[in-house]
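A.B. asks: Structure provided below as structure tokens; questions to follow.
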Amino acid sequence: MTKVIAHNNLIDEIILRNEEMEVHLLNLGATIKNIYVSDAQKHIRDVVLGYGDVFDYMRYDGYLGASVGRCANRIAKGRFTLDGKTYHLPINNGPHSLHGGLKGFSYRLFDYIYTNHQVTFHYLSPDGQEGYPGTLDVYVTYTLDKTTLTMDYQAVTSQTTLVNLTNHTYFNLDGIACPIDDHLLTVKASHYALVDGDGLVTGEIRDIHHTPFDFTKEKAIGEALHSDDPQIILARGLDHPFLFDDNHDQVILRSKASGITMKVSTSLPLAQIYSANYLDGRLGKHKYPMNAQSALCIETSYLPDSIHLEKDSPTILKPGESYQASTSYTFTHEG
Ligand code: BGC
């Protein structure tokens, strides 16, 4: 069953519901606003951070629950060259361009169509928007099936451009913005990418073994957050691409307190795992403060700044090609 709530005839909240769970989506940024799931005691918890007032999604940064594009994370110096032409993007994060620029997809109103278990959001990004070449037609489809929410991304362009989409949901499986330290994390990744003091991926790839980044066996997130590893200190926590070894259920997040587990499965090669280090105490749902390290983002994507780091970057999209990616979140609980 699908229901729509209109907020001031501008932002629509689309509610997908089945017997197992309920998901609230916004046409602003094709954003995930709420994911309600049942815990071990059959209490319903909203396992994602967000704002109480939907207009706060327009006012503030943080990309809570948002679809991020055209390119997630940083493009070095906001500059890149394609087919011999150099393009300039807005600089909005230190010396770099972050998350699609000043007004990336997270701040755009999508049109949408829905059925009883699915919503497809669509956005037409004009040529030159936020400095990116080519008109880009973007589709983000959310499908609810039992306890799985799947996001399918598709994009086509009129001119060679860059595309590296992600979703920026902040998960806390306890259903409140409390410290994420005790959540247990498994990541099927034996390598991660280093970042510099500006959060830019340097291109250096490191083996996770014998480092705090080793989540190949389930471990409390706090063990990494409180380590004195220079990469953790530099990023104020986790804010790094984890390069997957597997192509299924690559990330598993679990809370012993709520008994809720989430499995993330993706067609993409990595996830930027970000422990919400820059949340600044701003008020979220129920006027509850959202502090640093009170959630975990699992941003599945291609390598950030891939255009400068990878030969034949998979983030280059040409006319006639179709960008396709899929990521799903599956929830279970003990008991
Ligand atoms: C980035 C962080 C950035 C944050 C902004 C994350 O995806 O990795 O470095 O501060 O987004 O919300």
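The values are calculated or read from the model by the stated rules, or taken from the named source; none is laboratory data. As the structure is a prediction and not an experimental result, all values here were calculated from the model. Here Cβ is always computed from backbone atoms with ideal geometry, including for glycine, and neighbour counts include all displayed protein chains. Please note that ligands, DNA and RNA were not included when accessible areas were found on the heavy atoms of the full protein model with its side chains. Shrake-Rupley method; radii C 1.70, N 1.55, O 1.52, S 1.80 Å.
A.B. asks: Bins of 20 Å, beginning at zero and ending with the bin holding the largest distance: percent of Cα pairs per bin for the chain, please.
C.D. replies: 33, 61, 6
A.B. asks: Determine the share of region 214-323's accessible area contributed by carbon and sulfur atoms, expressed in whole percent, with a 1.4 angstrom probe. Intermediate values should be presented prior to the final figure.
C.D. replies: Details: 2410 of 4730 Å².
Carbon and sulfur together cover 51 percent of it.
A.B. asks: Using modelled amide H (1.01 Å from N, peptide plane; none on Pro or chain starts), what sits under 5 Å from the amide H of residue 65, excluding residues fewer than 5 places away?
C.D. replies: It is 168, 169, 170, by chain and number.
A.B. asks: Got a number for the accessible area of residue 326? Probe 1.4 Å, square angstrom, nearest 10.
C.D. replies: Roll a 1.4 Å probe over it and residue 326 shows about 40 Å².
A.B. asks: Starting from the Cα gyration tensor of region 77-200, multiply each eigenvalue by 5, take the square root, and state the resulting semi-axes largest first in whole Å. Provide the component values of the computation, followed by the final result.
C.D. replies: Working: eigenvalues 164, 115, 37 Å².
Rounded to whole Å, the semi-axes are 29, 24, 14.
A.B. asks: Return a whole-number percent for the relative contact order of the chain, with Cα pairs under 8 Å and 6 or more residues apart as the contact set. Let's see the in-between values first.
C.D. replies: Details: 905 pairs, mean separation 62.1, N = 335.
Once normalised by length, the contact order is 19 percent.
A.B. asks: Please report the net charge: other residues with Cβ closer than 10 Å to the Cβ of residue 14, K and R +1, D and E -1. Mind dumping the intermediate values first?
C.D. replies: Details: positive: 3, 33; negative: 12, 13.
So the environment of residue 14 carries a net charge of 0.
A.B. asks: Separation of region 173-249 and region 97-160 by C-alpha centroid, Å?
C.D. replies: 27 Å
A.B. asks: In whole Hz, with x marking every Gly and Pro, tabulate ³J(HN,Hα) for region 95-102 from phi via Karplus 6.51 cos²θ - 1.76 cosθ + 1.60, θ = phi - 60°.
C.D. replies: Result, rounded to whole Hz: x, 10, 9, 10, 6, x, x, 5.
A.B. asks: While we're here: Using the Cβ atoms and a cut-off under 13 Å, what net charge is assigned to the surroundings of residue 172, where Lys and Arg are +1 and Asp and Glu are -1? Could the numbers behind the result be given before it?
C.D. replies: On the way: positive: 45, 254, 285; negative: 39, 46, 174, 181, 182.
Once all neighbours under 13 Å are counted, the net charge is -2.
A.B. asks: Exceeding 27 Å between C-alpha atoms, which entries from my cross-link table qualify? They are 85/311; 85/188; 33/77. Don't skip to the end; give the middle numbers.
C.D. replies: On the way: 85/311 17 Å; 85/188 38 Å; 33/77 31 Å.
Table pairs above 27 Å Cα-Cα are 85/188; 33/77.
A.B. asks: Using Cα positions and a limit of under 20 Å, work out the lysines in reach of residue 42, with same-chain residues fewer than 8 apart set aside.
C.D. replies: 146, 256, 263
A.B. asks: Apply the Karplus parameterisation 6.51 cos²θ - 1.76 cosθ + 1.60, with θ equal to phi minus 60°, to every residue of region 51-57 and state each ³J(HN,Hα) to the nearest whole Hz, in sequence, with x for glycine and proline.
C.D. replies: After applying 6.51 cos²θ - 1.76 cosθ + 1.60, I find 9, x, 9, 4, 6, 5, 5 Hz.
A.B. asks: Quick check: net charge around residue 330, other residues with Cβ under 11 Å of its Cβ, Lys/Arg +1 and Asp/Glu -1? Working shown, then result.
C.D. replies: Numbers: positive: 146, 263; negative: 20, 145, 249.
Every neighbour counted, the sum reads -1.
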